[in-house]
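First up is the structure itself, then whatever we jot down about it.
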Amino acid sequence: MRFDNLTILVTGGAGFIGSAVVRHLLADTGARVVNVDKLTYAANLDSLPGASGNPRYAFEQHCICQAEALRRIFETYQPSAVINLAAESHVDRSIDGPGDFIQTNIVGTFTLLQEALRHWRGLSPEAKARFRFLHVSTDEVFGSLGETGLFSETSAYAPNSPYSASKASSDHLVRAWRETYDLPTIVTNCSNNYGPYHFPEKLIPHMIIKGLAGEPLPVYGDGRNIRDWLYVEDHARALTLVLEHGRIGETYNIGGRNERTNLDVVNTICELLDQLAPGPASRRNLISFVTDRPGHDRRYAIDASKLERELGWKAKEDFDSGLAKTVRWYLENRVWWQAILDRGYHQSRIGLG
Ligand code: NAD
(Lines give C-alpha, C1' and ligand atoms only; values in the text may rest on other atoms or scores of the structure.)
Protein backbone atom coordinates (compact mmCIF):
# COMPACT_ATOMS: atom_id res chain seq x y z
CA MET A 1 0.00 0.00 0.00
CA ARG A 2 1.14 3.58 -0.62
CA PHE A 3 3.18 5.12 2.24
CA ASP A 4 3.19 1.81 4.17
CA ASN A 5 5.01 2.25 7.51
CA LEU A 6 5.86 5.88 6.71
CA THR A 7 4.90 8.67 9.07
CA ILE A 8 3.56 11.89 7.58
CA LEU A 9 3.38 15.01 9.73
CA VAL A 10 0.37 17.06 8.62
CA THR A 11 0.06 20.58 10.03
CA GLY A 12 -3.40 22.13 10.09
CA GLY A 13 -5.01 18.70 9.85
CA ALA A 14 -8.13 19.88 11.70
CA GLY A 15 -8.82 22.54 9.04
CA PHE A 16 -10.80 22.25 5.84
CA ILE A 17 -8.14 20.95 3.43
CA GLY A 18 -5.96 19.41 6.15
CA SER A 19 -8.83 17.23 7.38
CA ALA A 20 -9.50 16.05 3.80
CA VAL A 21 -5.81 15.12 3.52
CA VAL A 22 -5.86 13.24 6.85
CA ARG A 23 -9.08 11.40 5.93
CA HIS A 24 -7.57 10.44 2.55
CA LEU A 25 -4.25 9.27 4.07
CA LEU A 26 -6.00 7.13 6.68
CA ALA A 27 -8.59 5.68 4.28
CA ASP A 28 -6.57 5.12 1.11
CA THR A 29 -2.93 4.68 2.16
CA GLY A 30 -0.91 2.85 4.81
CA ALA A 31 0.61 6.07 6.21
CA ARG A 32 0.79 6.88 9.89
CA VAL A 33 -0.41 10.46 10.37
CA VAL A 34 0.64 12.99 13.01
CA ASN A 35 -1.71 15.95 12.97
CA VAL A 36 -0.21 19.12 14.48
CA ASP A 37 -2.88 21.76 14.85
CA LYS A 38 -3.27 24.73 17.18
CA LEU A 39 -7.08 24.44 16.95
CA THR A 40 -7.94 28.01 15.98
CA TYR A 41 -11.53 29.08 15.32
CA ALA A 42 -11.23 27.38 11.87
CA ALA A 43 -10.32 23.96 13.22
CA ASN A 44 -12.76 21.19 13.92
CA LEU A 45 -11.86 17.73 15.17
CA ASP A 46 -15.39 16.62 14.17
CA SER A 47 -14.06 16.83 10.59
CA LEU A 48 -11.99 13.72 11.35
CA PRO A 49 -14.61 11.10 12.21
CA GLY A 50 -13.02 7.88 13.45
CA ALA A 51 -9.46 9.24 13.35
CA SER A 52 -8.89 9.33 17.10
CA GLY A 53 -9.53 5.56 17.37
CA ASN A 54 -7.21 4.75 14.46
CA PRO A 55 -3.84 3.30 15.59
CA ARG A 56 -2.18 5.05 12.61
CA TYR A 57 -3.27 8.51 13.84
CA ALA A 58 -1.85 10.84 16.50
CA PHE A 59 -2.95 14.36 17.38
CA GLU A 60 -0.72 17.07 18.86
CA GLN A 61 -2.31 20.39 19.75
CA HIS A 62 0.48 22.89 19.12
CA CYS A 63 1.23 26.10 17.28
CA ILE A 64 3.71 25.82 14.40
CA CYS A 65 5.51 28.88 15.84
CA GLN A 66 6.59 26.80 18.88
CA ALA A 67 10.07 25.48 18.03
CA GLU A 68 10.51 23.29 21.15
CA ALA A 69 7.17 21.56 20.68
CA LEU A 70 7.94 20.92 17.01
CA ARG A 71 11.39 19.57 17.91
CA ARG A 72 9.90 17.07 20.33
CA ILE A 73 7.31 16.03 17.74
CA PHE A 74 10.01 15.42 15.08
CA GLU A 75 12.09 13.46 17.61
CA THR A 76 9.14 11.39 18.84
CA TYR A 77 7.49 10.48 15.55
CA GLN A 78 10.45 10.57 13.11
CA PRO A 79 8.32 11.63 10.12
CA SER A 80 9.36 10.88 6.53
CA ALA A 81 7.43 13.84 5.23
CA VAL A 82 5.74 17.08 6.24
CA ILE A 83 2.64 18.53 4.57
CA ASN A 84 2.28 22.12 5.76
CA LEU A 85 -1.37 23.18 5.70
CA ALA A 86 -1.50 25.15 8.96
CA ALA A 87 -2.37 28.74 8.14
CA GLU A 88 -4.65 31.64 8.69
CA SER A 89 -6.67 31.34 5.50
CA HIS A 90 -9.48 33.89 5.25
CA VAL A 91 -8.82 37.04 3.18
CA ASP A 92 -11.50 39.13 4.91
CA ARG A 93 -9.99 38.35 8.33
CA SER A 94 -6.54 39.32 7.02
CA ILE A 95 -7.86 42.78 6.13
CA ASP A 96 -9.11 43.41 9.68
CA GLY A 97 -6.26 41.67 11.54
CA PRO A 98 -3.14 40.92 9.49
CA GLY A 99 -0.97 40.19 12.56
CA ASP A 100 -2.07 36.56 12.97
CA PHE A 101 -1.40 35.97 9.28
CA ILE A 102 2.17 37.28 9.55
CA GLN A 103 2.71 35.18 12.66
CA THR A 104 1.36 31.82 11.53
CA ASN A 105 1.89 31.96 7.77
CA ILE A 106 5.38 33.48 7.82
CA VAL A 107 6.93 32.97 11.27
CA GLY A 108 5.18 29.58 11.64
CA THR A 109 6.44 28.34 8.27
CA PHE A 110 9.94 29.59 9.12
CA THR A 111 9.87 27.75 12.47
CA LEU A 112 8.61 24.56 10.86
CA LEU A 113 11.30 24.77 8.15
CA GLN A 114 14.01 25.19 10.78
CA GLU A 115 12.83 22.18 12.79
CA ALA A 116 12.32 20.07 9.65
CA LEU A 117 15.87 20.96 8.57
CA ARG A 118 17.27 20.02 11.94
CA HIS A 119 15.43 16.68 11.79
CA TRP A 120 16.45 16.03 8.15
CA ARG A 121 20.11 16.69 8.84
CA GLY A 122 20.10 13.95 11.51
CA LEU A 123 18.59 11.25 9.24
CA SER A 124 20.40 8.29 7.65
CA PRO A 125 21.34 8.79 3.97
CA GLU A 126 18.38 6.62 2.84
CA ALA A 127 15.88 8.42 5.09
CA LYS A 128 17.36 11.76 4.02
CA ALA A 129 16.83 10.88 0.36
CA ARG A 130 13.21 9.88 1.02
CA PHE A 131 12.24 12.92 3.13
CA ARG A 132 9.96 15.60 1.62
CA PHE A 133 8.63 18.95 2.87
CA LEU A 134 5.47 19.80 0.94
CA HIS A 135 4.21 23.35 1.40
CA VAL A 136 0.61 24.07 0.41
CA SER A 137 0.02 27.53 -1.00
CA THR A 138 -2.51 29.44 -3.04
CA ASP A 139 -2.97 30.88 -6.54
CA GLU A 140 -3.68 34.21 -4.81
CA VAL A 141 0.10 34.80 -4.61
CA PHE A 142 0.01 35.54 -8.37
CA GLY A 143 -2.40 38.48 -7.97
CA SER A 144 -5.26 39.09 -10.37
CA LEU A 145 -5.70 38.03 -14.02
CA GLY A 146 -7.39 40.04 -16.78
CA GLU A 147 -10.14 38.55 -18.93
CA THR A 148 -7.84 35.93 -20.46
CA GLY A 149 -4.80 33.84 -19.54
CA LEU A 150 -4.01 31.34 -16.81
CA PHE A 151 -1.57 31.22 -13.88
CA SER A 152 1.28 28.82 -14.57
CA GLU A 153 4.18 27.74 -12.36
CA THR A 154 6.26 30.55 -13.89
CA SER A 155 3.77 33.37 -13.29
CA ALA A 156 5.27 36.27 -11.36
CA TYR A 157 4.23 36.76 -7.74
CA ALA A 158 2.05 39.87 -7.19
CA PRO A 159 0.01 39.33 -4.01
CA ASN A 160 -2.65 41.94 -3.22
CA SER A 161 -4.08 41.07 0.21
CA PRO A 162 -2.38 40.64 3.59
CA TYR A 163 -3.34 36.94 3.33
CA SER A 164 -1.79 36.39 -0.10
CA ALA A 165 1.28 38.46 0.81
CA SER A 166 1.85 36.27 3.87
CA LYS A 167 1.47 33.11 1.78
CA ALA A 168 3.84 34.50 -0.88
CA SER A 169 6.41 35.18 1.85
CA SER A 170 6.12 31.61 3.11
CA ASP A 171 6.56 30.22 -0.43
CA HIS A 172 9.77 32.23 -0.78
CA LEU A 173 11.07 30.91 2.54
CA VAL A 174 10.38 27.33 1.45
CA ARG A 175 12.22 27.90 -1.83
CA ALA A 176 15.15 29.47 0.00
CA TRP A 177 15.46 26.54 2.44
CA ARG A 178 15.78 24.27 -0.60
CA GLU A 179 18.27 26.44 -2.46
CA THR A 180 20.38 27.35 0.59
CA TYR A 181 20.19 24.29 2.83
CA ASP A 182 19.15 21.54 0.34
CA LEU A 183 16.01 20.70 2.33
CA PRO A 184 13.92 18.63 -0.15
CA THR A 185 10.92 20.92 -0.53
CA ILE A 186 8.05 21.10 -3.02
CA VAL A 187 5.41 23.87 -3.24
CA THR A 188 1.87 23.57 -4.57
CA ASN A 189 -0.35 26.53 -5.47
CA CYS A 190 -4.02 25.70 -5.71
CA SER A 191 -7.21 27.50 -6.60
CA ASN A 192 -10.30 27.94 -4.40
CA ASN A 193 -11.32 24.70 -2.72
CA TYR A 194 -14.87 23.68 -1.89
CA GLY A 195 -16.56 20.58 -0.50
CA PRO A 196 -17.60 18.98 2.80
CA TYR A 197 -16.42 20.29 6.22
CA HIS A 198 -15.82 23.87 4.95
CA PHE A 199 -16.02 26.55 7.66
CA PRO A 200 -19.17 28.67 7.07
CA GLU A 201 -17.27 31.95 6.58
CA LYS A 202 -16.28 30.92 3.04
CA LEU A 203 -18.49 31.76 0.03
CA ILE A 204 -20.06 28.37 -0.75
CA PRO A 205 -20.99 27.14 2.77
CA HIS A 206 -22.01 30.69 3.73
CA MET A 207 -24.51 30.83 0.85
CA ILE A 208 -25.83 27.30 1.49
CA ILE A 209 -26.49 27.99 5.19
CA LYS A 210 -27.97 31.46 4.60
CA GLY A 211 -30.10 30.13 1.72
CA LEU A 212 -31.46 27.32 3.88
CA ALA A 213 -32.42 29.84 6.56
CA GLY A 214 -34.13 32.08 3.96
CA GLU A 215 -31.76 34.95 4.81
CA PRO A 216 -30.20 37.49 2.39
CA LEU A 217 -27.36 36.15 0.21
CA PRO A 218 -24.74 38.93 0.13
CA VAL A 219 -22.70 38.99 -3.11
CA TYR A 220 -19.62 41.26 -3.04
CA GLY A 221 -19.47 44.06 -5.65
CA ASP A 222 -21.02 43.17 -9.02
CA GLY A 223 -20.58 39.42 -8.47
CA ARG A 224 -18.45 39.11 -11.60
CA ASN A 225 -15.18 38.17 -9.86
CA ILE A 226 -14.04 34.80 -11.18
CA ARG A 227 -12.58 31.91 -9.20
CA ASP A 228 -11.43 28.50 -10.46
CA TRP A 229 -13.04 25.90 -8.17
CA LEU A 230 -11.32 22.72 -6.98
CA TYR A 231 -13.14 19.93 -5.11
CA VAL A 232 -11.28 19.41 -1.83
CA GLU A 233 -11.01 15.62 -2.19
CA ASP A 234 -9.45 16.03 -5.66
CA HIS A 235 -6.99 18.40 -4.02
CA ALA A 236 -6.14 15.92 -1.27
CA ARG A 237 -5.38 13.26 -3.92
CA ALA A 238 -3.22 15.73 -5.82
CA LEU A 239 -1.19 16.54 -2.70
CA THR A 240 -0.38 12.90 -1.92
CA LEU A 241 0.59 12.35 -5.58
CA VAL A 242 2.94 15.35 -5.43
CA LEU A 243 4.39 14.06 -2.18
CA GLU A 244 5.00 10.65 -3.74
CA HIS A 245 6.17 11.56 -7.25
CA GLY A 246 6.74 15.33 -7.38
CA ARG A 247 10.22 16.58 -8.22
CA ILE A 248 12.19 18.24 -5.43
CA GLY A 249 12.47 22.01 -5.79
CA GLU A 250 9.50 22.19 -8.19
CA THR A 251 6.19 23.94 -7.80
CA TYR A 252 2.91 22.46 -9.06
CA ASN A 253 -0.30 24.35 -9.75
CA ILE A 254 -3.50 22.54 -8.80
CA GLY A 255 -6.84 23.64 -10.22
CA GLY A 256 -10.10 22.11 -11.34
CA ARG A 257 -10.59 23.95 -14.68
CA ASN A 258 -13.86 25.28 -13.24
CA GLU A 259 -13.94 29.04 -13.75
CA ARG A 260 -17.13 30.60 -12.46
CA THR A 261 -18.21 34.11 -11.49
CA ASN A 262 -19.24 34.39 -7.86
CA LEU A 263 -22.74 35.24 -9.06
CA ASP A 264 -22.88 32.01 -11.13
CA VAL A 265 -21.83 30.05 -8.04
CA VAL A 266 -24.54 31.63 -5.90
CA ASN A 267 -27.20 31.17 -8.60
CA THR A 268 -26.31 27.46 -8.89
CA ILE A 269 -26.49 27.04 -5.10
CA CYS A 270 -29.95 28.66 -5.18
CA GLU A 271 -31.12 26.22 -7.86
CA LEU A 272 -29.75 23.21 -5.95
CA LEU A 273 -31.38 24.36 -2.70
CA ASP A 274 -34.69 24.95 -4.47
CA GLN A 275 -34.56 21.37 -5.82
CA LEU A 276 -33.25 19.58 -2.73
CA ALA A 277 -34.86 21.62 0.07
CA PRO A 278 -37.75 23.58 -1.48
CA GLY A 279 -38.69 26.77 0.37
CA PRO A 280 -41.61 29.21 0.04
CA ALA A 281 -39.92 31.09 -2.87
CA SER A 282 -36.90 30.79 -5.13
CA ARG A 283 -33.63 31.45 -3.23
CA ARG A 284 -32.51 33.71 -6.10
CA ASN A 285 -34.84 36.36 -4.64
CA LEU A 286 -32.54 36.47 -1.59
CA ILE A 287 -29.46 37.64 -3.55
CA SER A 288 -28.32 41.17 -2.63
CA PHE A 289 -25.25 43.02 -3.87
CA VAL A 290 -23.11 44.51 -1.08
CA THR A 291 -20.00 46.71 -0.88
CA ASP A 292 -17.03 45.01 -2.53
CA ARG A 293 -14.02 43.65 -0.62
CA PRO A 294 -11.10 46.15 -0.69
CA GLY A 295 -8.46 45.00 -3.19
CA HIS A 296 -10.78 42.25 -4.46
CA ASP A 297 -8.87 40.34 -7.16
CA ARG A 298 -10.92 40.14 -10.35
CA ARG A 299 -10.02 36.76 -11.76
CA TYR A 300 -7.99 33.66 -10.84
CA ALA A 301 -7.55 30.70 -13.18
CA ILE A 302 -5.06 27.87 -12.94
CA ASP A 303 -3.20 25.96 -15.61
CA ALA A 304 -2.83 22.54 -13.95
CA SER A 305 -1.34 20.83 -17.03
CA LYS A 306 2.08 20.23 -15.42
CA LEU A 307 0.48 18.18 -12.64
CA GLU A 308 -1.72 16.33 -15.13
CA ARG A 309 1.16 15.65 -17.54
CA GLU A 310 3.90 14.74 -15.06
CA LEU A 311 1.93 12.98 -12.33
CA GLY A 312 -1.19 11.79 -14.16
CA TRP A 313 -3.55 13.66 -11.84
CA LYS A 314 -7.04 14.49 -13.03
CA ALA A 315 -9.91 16.06 -11.09
CA LYS A 316 -12.73 13.54 -10.61
CA GLU A 317 -15.38 16.18 -9.94
CA ASP A 318 -16.49 18.88 -12.32
CA PHE A 319 -18.12 21.91 -10.73
CA ASP A 320 -21.70 20.71 -11.25
CA SER A 321 -21.12 17.27 -9.69
CA GLY A 322 -18.91 18.67 -6.90
CA LEU A 323 -21.31 21.46 -5.98
CA ALA A 324 -24.32 19.11 -5.94
CA LYS A 325 -22.38 16.76 -3.62
CA THR A 326 -21.43 19.70 -1.40
CA VAL A 327 -24.98 21.06 -1.07
CA ARG A 328 -26.24 17.55 -0.28
CA TRP A 329 -23.49 17.16 2.35
CA TYR A 330 -24.56 20.39 4.13
CA LEU A 331 -28.19 19.24 4.07
CA GLU A 332 -27.27 15.86 5.55
CA ASN A 333 -24.70 17.15 8.07
CA ARG A 334 -26.50 20.01 9.74
CA VAL A 335 -25.16 18.86 13.14
CA TRP A 336 -21.59 19.61 11.98
CA TRP A 337 -22.22 23.23 10.96
CA GLN A 338 -24.96 24.02 13.48
CA ALA A 339 -22.41 23.31 16.24
CA ILE A 340 -20.14 26.01 14.75
CA LEU A 341 -23.00 28.54 14.75
CA ASP A 342 -23.92 27.49 18.31
CA ARG A 343 -20.32 28.11 19.42
CA GLY A 344 -20.87 31.77 18.47
CA TYR A 345 -19.86 32.16 14.81
CA HIS A 346 -22.30 34.84 13.60
CA GLN A 347 -21.80 34.89 9.81
CA SER A 348 -21.57 38.71 9.92
CA ARG A 349 -19.72 40.86 7.38
CA ILE A 350 -16.06 41.64 8.10
CA GLY A 351 -13.06 42.78 6.09
CA LEU A 352 -14.25 46.19 4.91
CA GLY A 353 -10.96 47.73 6.00
P1 NAD B 1 -8.42 26.41 7.34
O2 NAD B 1 -8.46 27.81 7.84
O3 NAD B 1 -9.70 25.67 7.14
O4 NAD B 1 -7.54 25.50 8.34
C5 NAD B 1 -6.31 25.92 8.83
C6 NAD B 1 -5.93 24.99 9.96
O7 NAD B 1 -4.63 25.41 10.44
C8 NAD B 1 -6.88 25.05 11.16
O9 NAD B 1 -7.17 23.74 11.61
C10 NAD B 1 -6.11 25.83 12.21
O11 NAD B 1 -6.42 25.47 13.54
C12 NAD B 1 -4.68 25.48 11.86
N13 NAD B 1 -3.74 26.51 12.31
C14 NAD B 1 -3.85 27.86 12.13
N15 NAD B 1 -2.82 28.48 12.70
C16 NAD B 1 -2.01 27.51 13.23
C17 NAD B 1 -0.80 27.53 13.93
N18 NAD B 1 -0.17 28.67 14.21
N19 NAD B 1 -0.26 26.35 14.31
C20 NAD B 1 -0.89 25.17 14.06
N21 NAD B 1 -2.06 25.11 13.41
C22 NAD B 1 -2.62 26.27 13.00
O23 NAD B 1 -7.57 26.46 6.01
P24 NAD B 1 -7.69 25.55 4.70
O25 NAD B 1 -8.72 26.11 3.83
O26 NAD B 1 -7.77 24.14 5.10
O27 NAD B 1 -6.28 25.84 4.02
C28 NAD B 1 -5.15 25.01 4.24
C29 NAD B 1 -3.98 25.56 3.46
O30 NAD B 1 -4.32 25.62 2.08
C31 NAD B 1 -3.59 26.98 3.87
O32 NAD B 1 -2.20 27.09 3.82
C33 NAD B 1 -4.22 27.85 2.79
O34 NAD B 1 -3.47 29.03 2.62
C35 NAD B 1 -4.13 26.94 1.59
N36 NAD B 1 -5.13 27.21 0.57
C37 NAD B 1 -6.46 27.12 0.85
C38 NAD B 1 -7.39 27.34 -0.17
C39 NAD B 1 -8.87 27.20 0.06
O40 NAD B 1 -9.65 27.42 -0.86
N41 NAD B 1 -9.33 26.80 1.24
C42 NAD B 1 -6.97 27.70 -1.45
C43 NAD B 1 -5.60 27.81 -1.68
C44 NAD B 1 -4.70 27.53 -0.68
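The values are calculated or read from the model by the stated rules, or taken from the named source; none is laboratory data. Fair warning: this is a prediction, and the values are worked out from it, not measured in the lab. Virtual Cβ from ideal backbone geometry, glycine too; neighbours counted across all protein chains shown. The accessibility values were calculated without ligands, DNA or RNA, using every heavy atom of the protein model including side chains. Shrake-Rupley method; radii C 1.70, N 1.55, O 1.52, S 1.80 Å.
So what J values fall out for region 35-50 if you push phi through Karplus, 6.51 cos²θ - 1.76 cosθ + 1.60 with θ = phi - 60°, rounded to Hz, Gly and Pro as x?
With the stated coefficients, region 35-50 comes to 9, 9, 9, 6, 6, 6, 3, 7, 8, 7, 6, 5, 7, 10, x, x Hz.
Subtract the Cα-Cα distance of residue 342 and residue 291 from 0.36 nm times their separation in residues, and report this length gain in nm to one decimal.
Full extension of this stretch gives 15.6 nm more.
Tell me, what ³J(HN,Hα) does each residue in region 212-225 have, in order and in whole Hz, if you take phi through Karplus 6.51 cos²θ - 1.76 cosθ + 1.60 with θ = phi - 60° and put x for Gly and Pro?
Using θ = phi - 60°, the values come out as 4, 7, x, 9, x, 10, x, 9, 5, x, 8, x, 9, 5 Hz.
Hey, got the dipole for region 118-178? About the Cα centre, +1 on K and R Cβ, -1 on D and E Cβ, debye to the nearest 20?
The dipole magnitude comes to about 600 debye.
Under the classification rounded if a/c is under 1.5, otherwise prolate if a/b is larger than b/c and oblate if not, where does region 10-137 fall, given a ≥ b ≥ c as square roots of the Cα gyration tensor eigenvalues?
oblate
Tell me, in nm to one decimal, what length is gained between residue 247 and residue 271 on full extension, where the rule is 0.36 nm per residue of separation less the Cα-Cα distance?
Taking residue 247 through residue 271 to full extension adds about 4.4 nm, to one decimal.
Could you report the chain's accessible area per residue, 1.4 Å probe, as an integer in Å²?
41
Residue farthest toward the positive end of the dipole of the chain, with Cβ of Lys/Arg at +1 and Asp/Glu at -1: which of 266, 95, 198?
Among 266, 95, 198, the one farthest towards the positive end of the dipole of the chain is 198.
Which percentage, to the nearest 5, of the DSSP beta bridges contained in the chain is antiparallel?
Of those bridges, close to 10 percent are antiparallel.
Rank 330, 345, 307 by how far each Cα sits towards the positive end of the charge dipole of region 299-353 (+1 on Lys, Arg Cβ; -1 on Asp, Glu Cβ) and give me just the farthest.
345
Picking from 238, 129, 58, which is most flexible by a Gaussian network model of the chain using Cα springs under 10 Å?
Per the Cα network of the chain with a 10 Å cutoff, 129 tops the list.
Please say if region 83-155 is rounded, prolate or oblate, where rounded means a/c under 1.5 for a ≥ b ≥ c the square roots of the C-alpha gyration tensor eigenvalues, and otherwise the choice is prolate for a/b larger than b/c and oblate otherwise?
Judged from the Cα gyration tensor, region 83-155 comes out oblate (a/c at least 1.5, b/c at or above a/b).
Over the chain, with every protein chain in place, what whole percent of the accessible area is carbon and sulfur at 1.4 Å, could you tell me?
49
For residue 182, what accessible surface area do you get with a 1.4 Å probe? Give it in Å², rounded to 10.
90
Going by average Cβ neighbours within 10 Å, how do the peptides 269-277, 17-25 rank, with the highest at the top?
17-25, 269-277
So if I place +1 on the C-beta of Lys and Arg and -1 on the C-beta of Asp and Glu, and nothing else carries charge, what would the dipole magnitude of region 19-156 be about its Cα centre? I want it in debye, nearest 20.
800
Arrange the residues 52, 166 by how much accessible surface each exposes, largest first, with a 1.4 angstrom probe.
Ranking 52, 166 by accessible area, largest first, yields 52, 166.
Order the peptides 113-121, 29-37, 290-298, 137-145 from the highest to the lowest mean number of other Cβ atoms within 10 Å of their residues.
Sorting 113-121, 29-37, 290-298, 137-145 by mean packing, highest first, produces 29-37, 137-145, 113-121, 290-298.
For the chain, calculate the relative contact order in percent as a whole number, restricting contacts to Cα pairs under 8 Å that are 6 or more residues apart.
The value is 18 percent.
How much length is gained on full extension from residue 321 to residue 176, taking 0.36 nm per residue of separation minus their Cα-Cα distance?
Residue separation times 0.36 nm, minus the Cα-Cα distance, leaves 48.3 nm.
For every helix of n ≥ 4 consecutive DSSP H residues, a contribution of -39,500 (n - 2.57) applies; sum these over the chain, divide by its total residues, and give [θ] at 222 nm rounded to the nearest 500 deg cm²/dmol.
That comes out to -12000 deg cm²/dmol.
Got a sec? Charge dipole of the chain, +1 on Cβ for Lys and Arg, -1 for Asp and Glu; which of 207, 188, 74 is way out at the positive end?
74
With +1 on each Lys and Arg Cβ and -1 on each Asp and Glu Cβ, and nothing else charged, work out how big the dipole of the chain is about its Cα centre, in Debye to the nearest 20.
I would put it at about 460 debye.
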